[in-house]
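For reference, the structure I am asking about is given below.
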Amino acid sequence: MRTCDRIGVETMNVYVHIPFCRRICTYCDFPREMAKEPKRRRYVKALLREAEIQRTRLSSARTLHLGGGTPSELGMKLLGELLDELSGMMPLLEEIAVEVNPEDIDESFCRQLADTPINRVNLGVQSFDEEQLCRLGRGHSPSQVEQVFARLRQSGFDNIGIDLLFGLPSQTLGAFKQDLQRAVALGPDHLACYHLTLEAGTRLYRLWRQEALMDLPGEEAAAEMYELARDWLPAEGFEQYEISNFTRNRPSLHNLAVWRGEDYLGLGAAAHSRLNGIRYANVRSVKRYIEAVESGGNTSCVESAEAAKDDLLLGLRLREGVDMETFKARHGTELFSFSPRLKEALAAGLLEVRDNRVRLSERGQLLGNEVFARV
Ligand code: SF4
């Protein structure tokens with residue numbers, strides 16, 4: 001069995017958004033904020049109330065993913081209380097994953113984390129270069145990451161992921177290779193390598209606009225970094241299962257389920273859900289979310305009913321691609337009839353069809369946006 005075959009049936013998958021951060025990274029445009037303890041506590045209470053309303057759906061959940069923001073920013077006491085309540089409502093969970101900031105993980109936090117039902121930890125590392133970390137507004141050092149990683153392993157976690165960024169200001173191919181090597185040397189079970197994108201409204205974007213940061217690697221240099229990861233990581237025992245994600249036999253079951261078009265339920269401010277092919281989004285503002293839950297109001301609105309398009313956009317990111325039979329059974333139409341412009345991508349060698357599955361070719365992985373624009 002390939003590592004990615006573990007979820008093959010329709011399941012419920014739950015995402016919980018924790019929108020709090022210790023500081024705001026210079027490149028970040030996610031829904032997040034800095035907040036004091038009373039607001040965090042009020043938010044967790046609202047989350048649990050929303051979970052209670054969704055109890056029936058939660059009872060069939062196989063994966064629970066706590067993301068953000070930074071879930072570890074809640075502190076172990078509040079995080080522990082939240083997990084106790086949530087996992088009590090989800091008896092069938094196979095994976096309980098949490099994203100953590102290396103800054104938050106001291107020895108005591110780590111010990112207490114190991115006492116929770118969490119079985120997957122993802123560390124937001126981004127880089128092992130001090131200067132880059134400073135530029136990105138991260139508060140941890142490379143040696144802190146190494147300590148935290150060792151601590152997590154000693155505490156018994158056997159499924160630890162690391163996230164890296166590439167295409168950073170002034171970054172050379174050699175510098176990114178060093179980041180990859182230092183990450184791999186720690187022995188993670190999962191590595192995600194994301195291309196830094198400058199989003200309007202972020203501090204990094206403003207610096208770039210003011211021409212204080214003109215040395216961003218160009219498209220070609222960034223493509224070389226991506227190819228380096230894609231070509232080198234398999235030699236180190238990592239299987240690429242999605243455009244940006246690599247694993248040693250431990251894929252993120254939650255993300256895999258979402259990419260495969262399974263239903264998922266998002267709890268919390270700005271969380272998205274997909275239920276029976278319809279996508280919903282909760283209100284983005286933490287304040288408005290809390291007020292809506294507390295007053296018994298509606299927290300979400302319908303965002304899109306384009307399930308077939310969603311399935312293509314997410315499924316094409318996977319190395320296994322999109323199964324044409326499953327697509328037809330789900331949406332009642334052939335994949336290339338639904339999206340005829342994908343034939344152009346096929347003819348251009350950006351897509352390939354193998355074993356009745358459509359997936360990005362190696363070149364298509366580099367030019368994914370050209371393919372996605374044709375969906
Ligand atoms: S820790 Fe993550 S969510 Fe928080 S500010 Fe940094 S990038 Fe954004």
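Give a quick list of trypsin sites (Lys or Arg not before Pro) in the range 196-296 that DSSP marks as loop, anything other than H, G, I, E or B, with at most 14 other Cβ atoms within 10 Å.
On the way: sites: R203, R206, R209, R230, R248, R260, R274, R279, R284, K287, R288; in loops: R248, R260, R284.
Answer by residue number: R284.
Could you calculate the FRET efficiency of A329 with W208 from 1/(1 + (r/R0)^6), where r is the beta carbon distance between them and R0 is 45 Å, rounded to 0.05?
0.45
Right, another one. Suppose every K and R has +1 on its Cβ and every D and E has -1 on its Cβ; what is the size of the dipole of the chain about the Cα centre, in Debye to the nearest 20?
Dipole about the Cα centre, nearest 20: 900 debye.
Assuming R0 = 45 Å, what is the FRET efficiency of Q112 and N298, from their Cβ-Cβ distance, to the nearest 0.05?
Values: r = 35 Å, r/R0 = 0.79.
Computed FRET efficiency for Q112 and N298 comes out at 0.80.
Per residue Cα convex hull volume for the chain, in cubic angstrom?
In the chain, the Cα convex hull volume per residue is 140 Å³.
If each DSSP helix of 4+ residues adds -39,500 (n - 2.57) and the sum is divided by the residues in the chain, what number results at 222 nm, nearest 500 deg cm²/dmol?
The helix-only estimate for the chain comes to -11000 deg cm²/dmol at 222 nm.
Check cross-link reach from K36 to the aspartates and glutamates: straight Cα distance under 18 Å, and skip same-chain residues fewer than eight apart.
Within reach: E73, E81, E103, D104, E291.
For R248, what is the net charge nearby, where nearby means another residue's Cβ is under 12 Å from its Cβ and Lys, Arg count +1, Asp, Glu -1?
Values: positive: R250; negative: D158, D189, E236, E239.
Summing Lys/Arg as +1 and Asp/Glu as -1 gives -3.
Also: Explain nothing, just the number: dipole magnitude of the range 22-92 about its Cα centre with +1 on each Lys and Arg Cβ and -1 on each Asp and Glu Cβ, in debye rounded to the nearest 20.
Value, rounded to 20: 180 debye.
So, R0 is 41 Å and r is the distance between the beta-carbons of Q178 and R55; what FRET efficiency does that work out to, to 0.05?
0.30
Let a ≥ b ≥ c be the square roots of the eigenvalues of the Cα gyration tensor of the range 321-372; is it rounded (a/c under 1.5), or, if not, prolate (a/b larger than b/c) or oblate? Intermediate results must be reported in sequence, preceding the final value.
Details: a/c = 2.26, a/b = 1.68, b/c = 1.34.
Prolate shape, in that a/c is at least 1.5 and a/b is the bigger ratio.
What residues qualify as long-range amide H neighbours of I162, i.e. H under 5 Å apart, gap of 5 or more or another chain, H built at 1.01 Å from N?
When sequence neighbours closer than 5 places are left aside, the close amide H contacts are L123, H190, L191, A192.
Want the number for D215 to Q147: 0.36 nm per residue separation, take away the alpha-carbon distance, what's left?
Residue separation times 0.36 nm, minus the Cα-Cα distance, leaves 21.3 nm.
Using the Cβ atoms and a cut-off under 9 Å, what net charge is assigned to the surroundings of D104, where Lys and Arg are +1 and Asp and Glu are -1?
-2
Continuing with this model, one more query. So for the range 204-314, taking the charge dipole from beta-carbon charges (+1 Lys/Arg, -1 Asp/Glu), which of L216, L314, A292 sits furthest toward the positive end?
A292
Could you put D311, D106 in order, starting from the residue whose Cβ has the fewest other Cβ atoms within 10 Å? Please list the in-between numbers first.
Values: D311 24, D106 12.
Least crowded to most crowded, the residues run D106, D311.
Charges only on Cβ, +1 for Lys and Arg, -1 for Asp and Glu: so what's the dipole of the range 321-372 about the Cα centre, in debye to the nearest 20? Kindly include the intermediate steps, with their values, before the conclusion.
Values: 8 positive and 8 negative charges, 16 e Å.
Computed about the Cα centre, the dipole is about 80 debye.
May I ask you to compute the full-extension gain from A348 to D29, defined as 0.36 nm times their residue separation minus their alpha-carbon distance, rounded to one decimal in nm?
Taking A348 through D29 to full extension adds about 111.5 nm, to one decimal.
Rule-based calculations on the coordinates, nothing more; no lab input. All values derive from a computational prediction rather than experimental measurement. Reconstructed Cβ throughout: ideal geometry from the backbone, glycine too, with neighbour counts over all protein chains shown.
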